[in-house]
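So the structure is just underneath, and the comments pick up after that.
The values are calculated or read from the model by the stated rules, or taken from the named source; none is laboratory data. Keep in mind that this is a model prediction, so the values were computed, not measured. Don't worry about glycine lacking a Cβ; one is built from the backbone with ideal geometry, like all the others, and counts go over all protein chains shown.
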């Protein structure tokens, strides 16, 4: 069994957001839980992403603006998104963590977990939003495509909020199959089932907006009906995860009801699928999760899943959960060989 690498740097704590849900306390709780885990993990300190790596996803003018705001002492990119004096260097290393985790995975080094902040999946090419500065998972995927020569990358996003920035980055590309599980009618207002990609990328964006209160049953139905058959047909060379824990029951900014065991099960299933199709990874990127204790538990169990530790997980989807998944299945059947329900 290959050891899971955790990518972390103390500068992530210096991204000072003040009295804000996305605070350093999140990473303090997570690092404490992981250091106390019975099985030792491989800890890595990431280097900053290069300007070339950042510019594969973001415009030069936007990158310079984030740097300028930080150098001037900080400020707000919007009502939710804070830049402090150390935010730019933290964001550079957060993006660099993903690049290096992907490099290791592609070299046969095994799964990775990027324990980083600021998070990334809302960040657009020319705009930070939703607590996000640089889109870490998109930068890592672009690196795999443009620098490492891959042509098939799969991204699963299990944050409670739709990853609009990641979707936007690859909306017209058949090289990235992006699948998002999120709460319907929630921030940022994107992620409808009808959003399936455009041009050559039509069919390569998959959105599963779930009703408020959906939980483990929806997760299992989504994997059985969408995630697993799509991975087997797409046969990606790399598996990436936007791992948000605000989809967990009790999170102050979410309305879904996943338990920590759901994350372990999803990580374990992705690990098994990566072996089945010969893909590198999975590599996970921390996104949301705003109750530090719940966040830490979710991350700990995700890492256990990446390490191959199995968990009993046999929930049944409720009627609304099943209907939400089947709506997406029907939409995607025009593009993929998704079988009818027996």
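Return a yes/no flag: does segment 132-149 have any residue that is surrounded by fewer than 24 Cβ atoms within 10 Å (Cβ to Cβ) and touching a strand residue (DSSP E or B) at 6+ places or on another chain (Cβ under 7 Å).
yes
Restrict the check to segment 28-40 and report whether at least one residue is in contact with a helix residue (DSSP H, G or I) (Cβ under 7 Å, 6 or more places away or on another chain), at pLDDT below 95 and over 27 Å from residue 144 (Cβ atoms).
yes
For residue 32, state whether it is surrounded by fewer than 15 Cβ atoms within 10 Å (Cβ to Cβ) and under 25 Å from residue 274 (Cα atoms).
Judged against the criteria, residue 32 is not a match.
When you look at residue 165, is it in contact with a helix residue (DSSP H, G or I) (Cβ under 7 Å, 6 or more places away or on another chain), part of a helix (DSSP H, G or I), at pLDDT 95 or above and more than 21 Å from residue 22 (Cα to Cα), yes or no?
Values: in contact with a helix residue (DSSP H, G or I) (Cβ under 7 Å, 6 or more places away or on another chain): yes; part of a helix (DSSP H, G or I): yes; at pLDDT 95 or above: yes; more than 21 Å from residue 22 (Cα to Cα): no.
Criteria not met by residue 165.
Which ones in segment 23-43 are in contact (Cβ under 8 Å) with a residue 60 or more places away in the chain and in contact with a strand residue (DSSP E or B) (Cβ under 7 Å, 6 or more places away or on another chain)?
Residues satisfying the conditions are 34, 41.
Just checking, which of 298, 288 is surrounded by 24 or more Cβ atoms within 10 Å (Cβ to Cβ), part of a loop (DSSP other than H, G, I, E, B) and at pLDDT 95 or above?
Just a single option satisfies the conditions, and that option is 288.
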